[in-house]
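The values are calculated or read from the model by the stated rules, or taken from the named source; none is laboratory data. Bear in mind the structure is a predicted one, so any value in this text is a computation, not a measurement. Cβ placement follows ideal geometry from the backbone for every residue including glycine, while neighbour counts extend to all protein chains displayed. Surface areas here come from the heavy atoms of the whole protein model, side chains and all, with no ligands, DNA or RNA. Shrake-Rupley method; radii C 1.70, N 1.55, O 1.52, S 1.80 Å.
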Amino acid sequence: KVSEFTKYIRSMVGSAYLWGGQGETLFGLLRKLAKQNGQSDEKTEQTISYMKSKGIKDISLFDCSGLAVYYLLSVGAISGDMTADGFYRKCKKIAKSEIREGDMAFLLSSGKASHIGYMGEKKTVVHAHYRSCRSDRSIRIHVGDELMGKKSRMKNGCLRDAPEKDEQESVEKTD
């Protein structure tokens, strides 16, 4: 399953960042917000049509933990939402010498994981980078074992020791 997870993570490179995002699409989110605000379906579809005519694509939206949550929910490995810190608390800590593709890397702040990335092949890290939200490529690959340029604060955990369904707990989004 780790190889399927890493293939999925790499396929998400180029998707956009959205705090709390777990794979919603841009147009799907627009439809939902328009409906909540009482806008007609016809007007919403006109807006989406206009956006498409300007080259805007219906991309998937994720935050850093949402990348993993979306996949792990789809394969039944977890039953609810988890933040970066939620994953950190459930993962087995490993030494940098043991890192392999598919492992999760965490950025710690005051003892809590505030960001999560995923180890790819050849010492790359794939993560949803909130600081690049103005870009259309917020999910990106960094070479080396650093996360957001903060190598010294990176800690590691393993996807291979992800929580079992009955151990998993839902936690509020904090990324």
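Of all residues in region 58-69, those that are without any contact (Cβ under 8 Å) to a residue 40 or more places away in the chain have Cβ atoms under 6 Å from Cβ atoms of residues that are hydroxyl-bearing (Ser, Thr, Tyr), 6 or more apart or on another chain, in 58/25.
Number of residues in region 22-46 that are open to solvent by less than 70 Å² (accessible area, probe 1.4 Å), among the hydrophobic types (A, V, I, L, M, F, W, C) and under 22 Å from the mean Cα position of the chain (by Cα) equals 4. Against the condition among the aliphatic types (A, V, I, L, M) and assigned to a helix (DSSP H, G or I), how does residue 72 come out, does it pass? Answer is yes for this residue.
Within the option set 43, 52, 35, 7, being part of a helix (DSSP H, G or I), over 17 Å from residue 129 (Cβ atoms), touching a Ser or Thr at 6+ places or on another chain (Cβ under 8 Å) and without any contact (Cβ under 8 Å) to a residue 12 or more places away in the chain holds for one residue only, 35.
Which one of these is in contact (Cβ under 8 Å) with a residue 60 or more places away in the chain, out of contact with any Lys or Arg (no Cβ under 9 Å at 6 or more places or on another chain) and of a type in the set (A, V, I, L, M): 29, 72? Criteria check complete, one pass: 72.
Scan region 85-119 for residues that are open to solvent by 20 Å² or more (accessible area, probe 1.4 Å), aliphatic (A, V, I, L, M) and over 19 Å from residue 6 (Cα atoms) and the total you get is 2.
Counting the residues of region 101-130 that are more than 23 Å from residue 14 (Cα to Cα) and either among the hydroxyl-bearing types (Ser, Thr, Tyr) or in contact (Cβ under 8 Å) with a residue 12 or more places away in the chain (or both) gives 5.
Residue 117: modelled with pLDDT of 85 or more, under 10 Å from the mean Cα position of the chain (by Cα) and not aromatic (Phe, Trp, Tyr), yes or no? Taking the combined requirement at face value, the residue satisfies it.
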